[in-house]
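No value in this document is a laboratory result; all are computed from the given coordinates. Here the structure is a predicted model, which means the values were calculated and not measured. Using ideal geometry, Cβ is built from the backbone for each residue, glycine included, and neighbour counts are taken over all protein chains shown.
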Amino acid sequence: MALLHRLADVGLGYLILGQPLTTLSGGERQRLKLATHMAGKGGVYVLDEPTTGLHLADVDQLLGLLDRLVDSGNSVIVIEHHQAVMAHADWIIDLGPGPGHDGGRIVFEGTPAELVALRSTLTGEHLAAYLGT
């Protein structure tokens, strides 16, 4: 029963028993794995683009879940491009200065507020526009 509650916590309450994993998106599979490991304390969670394919309401639910994980003593590292997740973060490490072969160097490290104030990277510019500042 606890696992079913954790499935609802990660926004997967709509899954049906026996549903093949091949029918799930990458974000759904990550959240399914997260639900199976949530009972532990003091863990480190690394999520790669967990908002992929999520409705905006589900992103808010995911942010609440990530907050609860941190409040429970866990460390959460999220690799993400979604501005709502970036704005919600405690700390951002921005890699760049561009994509692919043009990236791979740390171009910013700090809080979202500092990133927006500096606007020294494309991420900072886009986050500032998202926040309307």
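Tabulated results
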item	result
Percent of beta bridges antiparallel (DSSP, segment 9-121, rounded to nearest 5)	50
10 Å binning of all Cα-Cα separations within segment 1-74, expressed as whole percents from 0 upward	19, 57, 23, 1
Average Cα contact separation per residue, segment 2-131, under 8 Å, 6 or more apart, as relative contact order %	18
Between helix 26-37 and the chain: long-axis angle, C-alpha atoms, 0 to 90°, nearest 10	60
The chain: mean projected area of Cα convex hull, nm²	9.1
Degrees, to the nearest 10: 122-131 long Cα axis against longest axis of the chain	70
Alpha-carbon centroids, segment 82-133 and segment 22-59: separation in whole Å	22
Range in the chain, longest, excluding exposed chymotrypsin sites (Phe, Trp or Tyr not before Pro) [loop by DSSP; at most 16 other beta-carbon atoms within 10 Å]	15-90
Acute angle (nearest 10 degrees) that the helix 56-71 long axis makes with the longest principal axis of the chain, alpha-carbon atoms	90
